[in-house]
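I have placed the structure first, in the form of structure tokens, so that the comments after it can refer back to it.
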Amino acid sequence: MSGNSAESAGAVDVVLVKGGRTKIRYAAELLSDDGTRIAVRAPWAGDAVRDFGFVRFEAGDVFTEYFWRDRWYAVKEVRDATGALKGWYCDITRPATLSGGELVVEDLDLDLWRSADGTDVRRLDEDEFEESGLAERDPAAAAAAMTALDELEALATAEGGLESLLD
């Protein structure tokens, strides 16, 4: 697969790296790759239900995930087993790379949730981000991460904002 041209559907392994270690690896269907944005679809890859209090990820949930080679975030549309939209879970990440059937994304701890109806938009894991020490180790990356979180929050609170990224 070329990382710089449109790709047809196929399979990829999504590899989420955190702190230099693989946090999770899961198989996904490659939906599209236009050279900048990569879209994949995968079932919930967790071993058990993950209950955040404001949303539950569980068996049967389907994630359509969008990654960019030039942006510091990933946007994941979450639907339940019936196809009903639960919302969007956004990870702040370094830009994604796709090579040899692996889509590698480095998680930078910050996250954003937006409910399906748009009434619940919340920033997540800012304490983990502070504790990670990224601001001291790589101030430019930390600044890019905070800018990305601010951008996503603005999109999440604007009518059709997040959805405009996914068209």
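Note on the range 139-160: among residues that are under 16 Å from the mean Cα position of the chain (by Cα) and open to solvent by less than 50 Å² (accessible area, probe 1.4 Å), the one that is farthest from Glu65 (Cα to Cα) is Ala144. Close Cβ contacts (under 6 Å, 6 or more residues apart or on different chains) running from residues in the range 66-87 that are free of Cβ contacts under 8 Å to residues at least 40 places away in the same chain and farther than 14 Å from Trp44 by Cβ to residues that are open to solvent by 50 Å² or more (accessible area, probe 1.4 Å) and not acidic (Asp, Glu) comprise Asp70/Thr36; Leu85/Arg79. Does Glu136 count as open to solvent by 40 Å² or more (accessible area, probe 1.4 Å) and part of a strand (DSSP E or B)? So Glu136 fails the test. Picking from residues in the range 29-49 that are under 16 Å from the mean Cα position of the chain (by Cα) and under 16 Å from Asp80 (Cα atoms), the one that is surrounded by the most Cβ atoms within 10 Å (Cβ to Cβ) is Trp44.
Candidates Lys18, Lys23: the one that is open to solvent by 70 Å² or more (accessible area, probe 1.4 Å), within 15 Å of the chain's Cα centre (by Cα) and within 23 Å of Ala141 (Cβ to Cβ) is Lys23. In the range 92-123, the qualifying residues are those that are touching a residue at least 24 places away in the same chain (Cβ under 8 Å) and assigned to a loop (DSSP other than H, G, I, E, B), and the one that is surrounded by the fewest Cβ atoms within 10 Å (Cβ to Cβ) is Gly100.
Considering the conditions (1) at pLDDT 95 or above; (2) closer than 26 Å to Ala140 by Cβ; (3) polar (S, T, N, Q), Ser99 is excluded by exactly one of them, (1).
Kindly indicate whether Arg69 is in contact with an Asp or Glu (Cβ under 9 Å, 6 or more places away or on another chain) and either of a type outside the set (A, V, I, L, M) or at pLDDT 95 or above (or both). So Arg69 fails the test.
The values are calculated or read from the model by the stated rules, or taken from the named source; none is laboratory data. Just so it is clear, the model here is predicted, and its values are computed rather than measured. Quick reminder, even Gly has a Cβ in these numbers, built from the backbone with ideal geometry, and neighbours come from all protein chains shown. These accessible areas exclude ligands, DNA and RNA; they are computed on the full protein's heavy atoms, side chains included. Shrake-Rupley method; radii C 1.70, N 1.55, O 1.52, S 1.80 Å.
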